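Input: a single structure, listed below in C-alpha cells.
The values are calculated or read from the model by the stated rules, or taken from the named source; none is laboratory data. Computed from a predicted model, the values in this text were never measured in an experiment. Heads up, the Cβs are rebuilt from the backbone with ideal geometry, glycines too, and the neighbour counts pull from every protein chain shown. In case anyone asks, the SASA skips ligands and DNA or RNA and just uses the protein heavy atoms, side chains included. Shrake-Rupley method; radii C 1.70, N 1.55, O 1.52, S 1.80 Å.
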Amino acid sequence: MSDVAIAVKNLSKSFKIAHQRDGLPGYRTLRDDLIGLPQRMLARWKRNGQLTSETFWALKDVSFEVKKGEVVGIIGRNGTGKSTLLKILSRITEPTSGGADIYGRVGALLEVGTGFHPELTGRENIFMNGAILGMKRVEIRRKFTEIVAFAGIDKFLDTPVKRYSTGMYVRLAFAVAAHLDPEILLVDEVLAVGDTEFQQKCLGKMRDVSAAGRTVIFISHSMEVVSRLCPRAIWLHEGQLISDGPSDAVIAKYSDAGDRSAIQT
Amino acid sequence: MRFVGSPLRQLFFQFRAHGLPVEMQIALPFKSSKPLALRERYLKIAPLSTESPIVTTVAELSATPIRTQARQQKPTFRIRPTTGWAALNVRELWKYRDLLWILVERDTKLLYKQTALGVAWVVMQPLIAAIIFTVVFGRVARLPSDGAPYLLFVFCGLTVWTYFSQALQHAGNSLVRNAQLVSKVYFPKLLLPLAQTLRGVVDFTVTLVVLLVLMAIYRVPPTFRLAVLPVFLFFMTLTATGVALWFSALSVKYRDCTHALQYFIQVWMYASPVVYPISMIPEQWRPLFALNPAVGFIEGFRWAVLGHSVLNPNLLCITIVMSLVALFSGAFFFRRAERGFADII
C-alpha cells in the first residue's frame, strides 16, 4: 500500500557495556588499548572468540507500521528504548538487526536547541539550527519572520543566546524545528521543559502538522497529552513492544501495570 | 563507478572470499547514475544469553522492502544494519552543502569573537614564529636558506605550516567538541572536520597577504609563478582533510588521540622543510622525504615566491599522489567508523 509512512520489522539494538575494571576509566584510551593488546589477544584465543563484555539489548524485536497522517504516541518508563527507537528511525544510530523502511522526509526533534551555540546571536542560531535539521538556507530565509513570530523574540534577535531566559531559548528552538515541514516528524519528550503557554503552543503546532496530513511519532510521559493528541499509542517496556492500539486502551493498560510493582511481560 | 558486468563480479567474489572489502561504491552527483542499494550480507548477531526472548537467527536480509505490497513505491530510505566499508556518499555531502557553509561561518565568527585580538592574532602567530625561527635557526644555527633572506624563506614554509597545524588541531577534535550534534541530529558527520579545514583557508588568505607584504619589504618581485598558489592550496586542503578525518574518527573512540595529534603535528613540522631547505637532504633520500606531502607544498611555495628550488616534477607527482591517498583513505576510514559515532561519543 502506498499509504505507509514507516514500516518497522524486528528492529533490535544492542549496546556493549564496558564495566570499570581495576580503577581504569570507563572510556577507552589508545594507550591502554595498545598496551593491553597482547593480553586481550591471548584471552580471546583461550576463550575461543568469546568476549566477556556484557550486551545490553535496548530494543528487542520491535515491529509495527505507521500509515501516513497517523499520530502515534510512544509511552513507557524511562530507559525502555523509546529514544533509541527514534534515534534509529532518524538514522543517527544503526540497528543491530532487523530494519525499517521510511517513506518520506524525516524531521527529528530529539532535543531542543541542538546546535545552538551560546556565543552566537538568535538570528545566527536560527540559521545554524535550521541547517542542522536539514533546511536549506533559502528555506530558512523564507520562513524567518514566521519563526521569529512563533518564538516571540523580535527584540532579542541580535543578542547572544547565552543571555536568553530558558523560556525564550526553548521557544526559539522549538520554533525552528516546528517550521521544518517534514513528512514524518519524530518528537522526543521536548515538552518536558517550558511553561504551560509554551506547551499549548507546541501542542497546537503539532495538531496543525498532523491535520496537514503529516505523520507524527511522539514520545511523552504525559498521559493527558498523549490521549489528547494521539489516537494511537505504542507501549514499550524494556525494549519490547507490549501493546499497540487505540491510545485510551493502551494508556489504561499502562496505568494499570504501573500500579503493580512488577510487570509481567 | 558502477561495478556491473560479469568479469568485475567475478573479481568481487574473489575479494569476498579473501575477506577484503566487498564493494566500494562511490555515488557521484551525476544525473545519470542511480544510487545503488546497499547489499546486505549475512548478519551475525552477537550470542545472546538464554534468558533473552529474541530468537537467534542468522538471516540474510535482501534489499526488498519489508512490506511486499509496497513494492510500487520505493522507500525514501531503508534502515538496515551495515558492516564493513561504506560508500562515500558524495551526493549527500552535496545535499548538505548549506550546512557546511554555515558551519564554516559559525566557526570563523566564534574564533574571531573569542580572541581579543581577532584578525591581528591570525597575522601575528606565524609572524612571531617566523621571527623566532629566524633568530634561532637563521642566526644562531645558521641554517642555509637557498640564497634568500631567511625570514622570507621560513615564512614561506610557515604559511603552509600554519594552515596545516591550525586546520588539523581544530578538525581533529571537531567531532568530540560537537558531541551533542553528533548524538542528536542526523547529518553527514564528514562535514564537521571538512568545515574546519575549509575554515583554515580563510586564515591562510590572511597569512598570504602577510607574505606578500614581506615580499615587498625584501624587494622580491612577484611573478606569474604566484598564480600556481591556488593549486597548491587545493591539494593542501585535500591532505589536511584526509589526515583530519583519520584523527577525528580515532578521537571519538580513543579520547587521548587529541594529545597524540599535538605531538604528531610537532614531529611533522620538523620532518617538513619549514626551517631548512630541501637542498640539505641528500639527493637519493629526496623521493622518500617527498612522501611527506608538506614537502611538495612548501617547496612549491618557495618556488613561486623566490624563484628557485629543487622542486622537480617527480617530487610533485609524489606529493599529489600522497595527498589523494591521505584524502581517500581518511574518507573511507571515517565512513566506516561513522556508524558507531552516536553510540560511543
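Just a few scattered comments:
- Mean Cα-pair separation over length for chain A, i.e. relative contact order, pairs under 8 Å, 6 or more apart, %: 26
- Cα gyration tensor shape for region A:141-209, rounded if a/c is under 1.5, else prolate or oblate: oblate
- Sequence-separation-based contact order of region B:218-345, relative, with Cα cut under 8 Å and 6+ spacing, percent: 42
- Assigned charges on the beta-carbon of Lys, Arg, Asp, Glu; region A:57-259 dipole about Cα centre (debye): 640
- Relative to the longest principal axis of the Cα atoms of chain A, the long axis of helix A:196-211 lies at roughly 90 degrees.
- Scaling against 2.2 N^0.38 Å puts the C-alpha radius of gyration of region A:57-259 at 1.04.
- Chain B and chain A together bury an accessible surface of about 5100 square angstrom, both sides counted, with a 1.4 Å probe and no ligands or nucleic acids included.
- Dipole axis of region A:57-259 (+1 Lys, Arg; -1 Asp, Glu on Cβ), positive-most option in A:Thr159, A:Gly239, A:Thr196: A:Thr159
- For chain A, calculated [θ]222 nm from helices alone, where every DSSP H run of n ≥ 4 adds -39500 (n - 2.57): -12000 deg cm²/dmol
- Bridge type composition, region A:87-246 - antiparallel percent by DSSP, nearest 5: 45
- With respect to chain A, whose longest principal axis is taken over its alpha-carbon atoms, helix A:122-133 is tilted by about 50°.
- Whole-percent carbon and sulfur share, accessible surface of region B:127-237, 1.4 Å: 72
- R0 of 41 Å, Cβ-Cβ distance B:Thr83-B:Met269: FRET efficiency to nearest 0.05: 0.60
- Using the Cβ-Cβ distance between A:Arg77 and B:Val231 with R0 = 45 Å, the FRET efficiency computed as 1/(1 + (r/R0)^6) comes to roughly 0.15.
- Region B:182-219: trypsin sites (Lys or Arg not before Pro) in DSSP loop, at most 11 other beta carbons within 10 Å: B:Arg219
- Rounded to the nearest 20 debye, the dipole magnitude of region A:137-208 is 320 debye, with +1 charges on Lys and Arg beta carbons, -1 on Asp and Glu beta carbons, and the Cα centre as origin.
- Residue range of chain A that is longest and free of trypsin sites (Lys or Arg not before Pro) which are both DSSP loop and sparsely packed (at most 10 other C-beta within 10 Å): A:48-259
- To the nearest ten degrees, helix A:166-178 and the longest principal axis of the Cα atoms of chain A are 90 degrees apart.
- When the charge dipole of chain A is built from unit charges on Cβ atoms (+1 for Lys and Arg, -1 for Asp and Glu) and taken about the Cα centre, the candidate among A:Leu109, A:Val250, A:Gln39 whose Cα reaches farthest toward its positive end is A:Gln39.
- Note on B:Arg142/A:Lys162: beta-carbon distance plugged into 1/(1 + (r/R0)^6) with R0 of 56 Å gives a FRET efficiency of 0.60.
- Take the Cα of B:Ile320, step 7 Å toward its Cβ, do the same at A:Phe15, and the gap between the two points is 4.8 nm.
- Burial of 40 Å² or greater, region B:182-206 residues [accessible area, probe 1.4 Å, versus chain by itself]: B:Lys184, B:Val185, B:Tyr186
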